[in-house]
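Since the structure comes first, as structure tokens, the remarks are kept for the end.
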2 protein chains.
Amino acid sequence: MKLNIAVLPGDGIGPEVTAQAIKVLKAIAMEFNHVFTFEKALVGACAMDKTGIPLPEETISICDKADAILFGAIGDPKYDNDPLATVRPEQGLLGLRKTFDLYTNIRPVIAYDDLLNKSSLKTKQIKGSNILIYRELASGIYFGDKHFSNNEASDICKYKRSDIERITHLAFKAAQGRKHKLTLVDKANVLASSRLWRTVVNEISKEYPDVTLDCMYVDNAAMELIINPRQFDVILTENMFGDILSEEASVIVGSIGLLASASIGDKHAMFEPIHGAYTKAKNKGIANPIASILSAAMLLDHFGLYDEAALIREGVDKSLKLHITTPDLNTKYDNISTTKVGDFIEDFINNPD
Amino acid sequence: MKLNIAVLPGDGIGPEVTAQAIKVLKAIAMEFNHVFTFEKALVGACAMDKTGIPLPEETISICDKADAILFGAIGDPKYDNDPLATVRPEQGLLGLRKTFDLYTNIRPVIAYDDLLNKSSLKTKQIKGSNILIYRELASGIYFGDKHFSNNEASDICKYKRSDIERITHLAFKAAQGRKHKLTLVDKANVLASSRLWRTVVNEISKEYPDVTLDCMYVDNAAMELIINPRQFDVILTENMFGDILSEEASVIVGSIGLLASASIGDKHAMFEPIHGAYTKAKNKGIANPIASILSAAMLLDHFGLYDEAALIREGVDKSLKLHITTPDLNTKYDNISTTKVGDFIEDFINNPD
Ligand SMILES: [Mg+2]
Ligand SMILES: [Mg+2]
């Protein structure tokens, strides 16, 4: 297969982890006789530094022509100190989601057996947890009209029926391939937008009689995720609730350094680790590249390259088992760098036995 | 002291737990020579059943004349099934908060040494955690204009500078009496309303140079609460984020059945357990009354009756130590009812030695 991949390393640790994902994708291409090409572009604080805006036209054009986008991370503390600034690095990410209508964010949350002891949660609590979070990504309060003055500020959370319908079908289909359970998280006892979510999802559920639908309020879900994560299979929720719950759910995995994600639209798809720029760790060789590498695996899945994706995941599992991991996960060795983890998984792909 | 207390038992387990709080307050009045009078009123689903509306005029008038409001719980599943209903039990609670301008919700989150093993979190993770959450309660997306149609729905999150200022001063003052740290939780990288929060709180922080101010995004805070709860002293946040984080924080305590809260305005104050109606447990004698009893202690604190409040808390501590607790907490006895816990703490107040 030929795949033209736009690479947006972004800020902070984005470039160093993305480099490992590319290394792994190149090994896959070699091993399976694919042709993957990579074209880099600027986004976020580094784009602001060079062009003044977080999502330059050239970046949009490169992404538009590509089959998929591999994204690193965005944000720099130097742009955080002024709450009145109107141009912000994060607009680069929001802009990509909006420009390419990437309306579904998918985040797997898996309690790896080799890492159960890394979690803040008791092992008996999380063992066997395997959740797929479907977060609506192109609407809601992040994109509604905003108003800011020194005396008053407001944000609008708006959902159209069609915004809800399209992601809901994807989430039900995902549940059909898993444990046949879908949990809608909303705040329907207070919010009008949540009541529309509940109405639409209830209607659509009739087309998927083999999937059990559960509805849960977001405050309750924030608790249930911790006290009983195994109850969840697929979680479906709106943009902001998904942002909060997916970062919270990272505690089940034991490390945010393992969390990959896909952002899917009808014509474009972007793959990114969820850990963010983590500027403090930049260029120290301690950034965990596994989330970026697992995002590359999700990219391959998206194009039906399931064997290829599975081989990457095997490599990741092996690195965890053998403690070839960065310091955030490693209790045995203290000298395994970002690059070394990438090299190990690359080697594994070249010689899996 | 004379205190006229409006009692709103509400729905579900509200009446049975509130009865224990009243029992305890009566014991305190006897022991300390106070005169506490109690006047009951309807709110929530039980008010809808009898009057058609969740917050009748008579209830408002009783609360208005009272010195304080003791609240049980609200909500009934029979009103949950129709997402299109426009009159809902929860409006009773929102109505009380709005009518009496109860703009600050205060929730203590304490990892009790006797209950560390009850938490889903590892003991080493939570031991010593003691957080006070200040949640803005009278504005934000819960009260903004709403629009609902079958094809589109929206909610507005609006904050005025004055809404933010008044709770911020209370939160800074609370931090001065504790560990001198305040964490503002917002989503200032995306929301205009959050940027106003950050602007105002930063300005006000200059009046409290002995308090360290930290700012944290809500998605990150949802994770940090679990992986490092001891970093927090006072958390200050807007309405919806506070709703989510305070319910999530209950996992630190090990049981939502222990979480009390106060909702404070300039002229009125309401005290309530945060566990909600929990209708499944209604009239089974298994509802944990401690959160309601601790809410009564917060009521006494509010009127400067610190010794009285401390005696209630001693009684609660003793009940935990001796396993005189309802089944949700009890690993030793399986027959301790809601009433029995109330009786034990009442006895303790009458004979503390
Ligand atoms: Mg996030
Ligand atoms: Mg709540």
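Laboratory data are not the source of any read-out in this text; all were calculated from the coordinates shown. Note that the coordinates shown come from a computational prediction; the quantities given were computed from them, not determined experimentally. When we count neighbours, we look across all protein chains shown, and the Cβ atoms used for this are built from the backbone with ideal geometry, even at glycine.
Between residue B:87 and residue B:145, what is 0.36 nm times their sequence separation minus the Cα-Cα distance? Round to one decimal in nm.
Answer, rounded to one decimal: 19.3 nm.
Hey, for a label at residue A:101 modelled as a point 7 Å past Cα toward Cβ, could you say which residues of region A:152-168 have their backbone N under 18 Å away?
It comes to A:159-168, nothing else.
Direction-averaged shadow area of the convex hull around the Cα atoms of region A:175-286, nm²?
That works out to 9.2 nm².
Once you have a ≥ b ≥ c as the square roots of the Cα gyration tensor eigenvalues for region B:240-348, tell me rounded if a/c is under 1.5, and otherwise prolate or oblate according to whether a/b is larger than b/c.
Judged from the Cα gyration tensor, region B:240-348 comes out oblate (a/c at least 1.5, b/c at or above a/b).
Pull up the DSSP beta bridges for the protein assembly as shown and report the antiparallel fraction as a percent, rounded to 5.
Of those bridges, close to 45 percent are antiparallel.
Can you tell me how region B:210-249 classifies by the Cα gyration tensor, rounded, prolate or oblate, using a/c under 1.5 as the rounded cut?
oblate
Peptides A:202-215, A:148-161: what's the order by average Cβ count within 10 Å, highest mean first?
A:148-161, A:202-215
For the residue pair residue A:347 and residue B:266, what label-to-label distance in nm results when each label sits 7 Å from Cα along the Cα-to-beta-carbon direction?
Using points 7 Å along Cα→Cβ, the separation is 7.0 nm.
Using a 10 Å cut-off around each Cβ, can you sort B:331, B:168 from fewest to most neighbouring Cβ atoms?
B:331, B:168
Would you mind telling me which residue in A:51, A:104, A:183 has the biggest mean-square fluctuation in a Gaussian network model of chain A, where springs connect alpha carbons within a distance under 10 angstrom?
A:51
Which three numbers, in whole Å and largest first, are the semi-axes of the equivalent ellipsoid of region B:1-101 derived from its Cα gyration tensor as √(5λ)?
Those come to 28, 15, 9 Å.
Rounded, prolate or oblate: which fits region A:104-264, taking a ≥ b ≥ c as square roots of the Cα gyration tensor eigenvalues, rounded meaning a/c under 1.5, else prolate when a/b beats b/c?
Judged from the Cα gyration tensor, region A:104-264 comes out oblate (a/c at least 1.5, b/c at or above a/b).
Hey, got the average number of other protein chain Cβ atoms within 10 angstrom for residues in B:181-191?
Mean shielding count: 4.
Could you tell me which helices of chain B pass both thresholds, a Cα extent of 24 Å or more along their own axis and a mean Kyte-Doolittle hydropathy of at least 0.0, with helices taken as whole DSSP H runs?
B:14-32
Treating the protein assembly as shown as a set of equal point scatterers at the Cα positions, no solvent, please give the Debye-formula log₁₀ I(q)/I(0) at q = 0.05, 0.06, 0.10, 0.12 Å⁻¹.
-0.25, -0.36, -0.98, -1.36
Taking amide H positions as placed in the peptide plane 1.01 Å from N, state which residues far from residue A:183 in sequence (5 or more) or on other chains have amide H under 5 Å from it.
It is A:214, A:233, A:234, A:235, A:236, by chain and number.
Name the most mobile residue of A:299, A:84, A:329, meaning the one with the largest mean-square fluctuation, in a Gaussian network model of chain A with Cα contacts below 10 Å.
A:84
Looking only at other chains, what is the average number of their beta-carbon atoms within 10 angstrom of each beta-carbon in B:240-252?
The per-residue average across the peptide is 6.
From other protein chains only, count the Cβ atoms within 10 Å of every residue's Cβ in A:222-231, then give the mean.
5
Calculate the FRET efficiency for residue A:203 and residue A:310 from the Cβ-Cβ distance with a Förster distance of 30 Å, rounded to the nearest 0.05.
Efficiency at R0 = 30 Å is approximately 0.25.
Where both residues lie in region B:105-257, what percent of DSSP beta bridges are antiparallel, nearest 5?
40
Can you give the direction-averaged projected area of the convex hull of the alpha-carbon atoms in chain A, in nm²?
18.0
Pairs on different chains or at least eight residues apart, Cα atoms closer than 21 Å: how many lysine pairs in region B:235-353 fit?
Close lysine pairs under the 21 Å cut-off: 9.
Pick out, from A:192, A:144, A:222, the residue whose Cα sits farthest towards the positive end of the charge dipole of region A:104-264, with +1 on the Cβ of Lys and Arg and -1 on the Cβ of Asp and Glu.
A:222
Pick from B:60, B:133, B:69: which is most flexible by mean-square fluctuation in a GNM of chain B where alpha carbon atoms under 10 Å apart are linked?
It is B:60.
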